[in-house]
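Note sheet for the following structure.
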Amino acid sequence: MLVAVCSLKGSPGVTTFAVALTARWPGQARCVLVECDPSGGDVATRFGLTSSPGLVSLAAAGRRSSDPGLLWQHTQALPGGLPVVAAPPGADQALAAVTALFQEGSGGTDVLHLAASAPDTVVIADCGRVDPTSAVLPIVRCANAMLLLSRAHAEDLAHLATRLDTVGRWSPRPGLLLVGAGYSTAEVSRELGVPAMGRIPEDRQAAAVLCGRPGSRGGSSRSGLGQSALAVAQGLSDPRRCSAPASQPVPTPRSALLATAGRQP
């Protein structure tokens, strides 16, 4: 299974949640996190990983090989053993690697698909902030599920309201996750006409652990962030959800948030 985690605006904690989602995936599935953010990765810096292997070495190897195990040859282990394909922190180098891997006809999407199609295997792709011109959009479009993170403040939701039609064309199964305080889940679902899949709490202690900050104590398994990630993972791993046909077109967003965005209901 291939899951794309992304946002449309700001920095709502996509990488932190992607790490939590990979770590908390239920059952015996083999999970790997792949940083595909064209603006540069965070995981290598957070956890003191070496520059290689990673996304750059994967991009180079992907031009020459279609080995189903190729993705796993370019992982490093986070504390606790979680495998990750880390992107370089520099935007220029990250963009070059993402473009080389995922441009049309490059076979890069096949690299992820080959890994994700193996039995009991889950590939979590941290796609960062995505727009219609993003180099990582091919991954979002071909993922089995897309998780869209957004803060629940008026300005973030107004921006989201103007992009719902576009997001609906990217993925047949987008899942909206609200981050932190702001509008309630019920209010957002009512005003946008799109049900929110869940809510991710602000959990600074758990986030510090997942960000690899020195001196951080405790795990995320029992934290609010860890529990939210587990609930989302359980929903995605449900075979009925994964095998469901494409969802109905995204409803037209309504009311107050559209007015905030400068559109008429």
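Scan segment 1-36 for residues that are more than 22 Å from P89 (Cβ to Cβ) and buried (at least 24 other Cβ atoms within 10 Å of the Cβ) and the total you get is 1.
Here's the yes/no breakdown for (1) more than 30 Å from A77 (Cα to Cα); (2) of a type in the set (D, E, K, R); (3) part of a loop (DSSP other than H, G, I, E, B); (4) at pLDDT 85 or above:
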{"residue": "V179", "(1), (2), (3), (4)": "no, no, no, yes"}
{"residue": "A186", "(1), (2), (3), (4)": "yes, no, no, yes"}
{"residue": "V194", "(1), (2), (3), (4)": "yes, no, yes, no"}
{"residue": "Q205", "(1), (2), (3), (4)": "no, no, no, no"}
{"residue": "R217", "(1), (2), (3), (4)": "no, yes, yes, no"}
{"residue": "S221", "(1), (2), (3), (4)": "no, no, yes, no"}
{"residue": "Q234", "(1), (2), (3), (4)": "no, no, no, yes"}
{"residue": "V250", "(1), (2), (3), (4)": "yes, no, yes, no"}
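If we scan segment 114-127, do we find a residue that is assigned to a helix (DSSP H, G or I) and over 23 Å from L177 (Cα atoms)? Checking segment 114-127: at least one residue is assigned to a helix (DSSP H, G or I) and over 23 Å from L177 (Cα atoms). Close Cβ contacts (under 6 Å, 6 or more residues apart or on different chains) running from residues in segment 174-185 that are among the small types (G, A, S) to residues that are crowded, with 17+ Cβ neighbours inside 10 Å comprise G175/L147; G175/M197; G180/R151; G182/A152.
When every residue of segment 121-131 is checked against the conditions, at least one turns out to be farther than 27 Å from D203 by Cβ and of a type outside the set (F, W, Y). For segment 23-36, a tally of residues being modelled with pLDDT under 95, of a type in the set (D, E, K, R) and touching a strand residue (DSSP E or B) at 6+ places or on another chain (Cβ under 6 Å) returns 1. Check whether at least one residue in segment 61-71 is part of a helix (DSSP H, G or I), touching a Pro at 6+ places or on another chain (Cβ under 6 Å) and over 17 Å from V140 (Cα atoms), and report yes or no. No, segment 61-71 contains no residue that is part of a helix (DSSP H, G or I), touching a Pro at 6+ places or on another chain (Cβ under 6 Å) and over 17 Å from V140 (Cα atoms).
The values are calculated or read from the model by the stated rules, or taken from the named source; none is laboratory data. This one's a predicted model, so the numbers in the text were calculated from it and none came from an experiment. Counting neighbours? That spans all protein chains shown, and the Cβs are built from the backbone with ideal geometry, glycine included.
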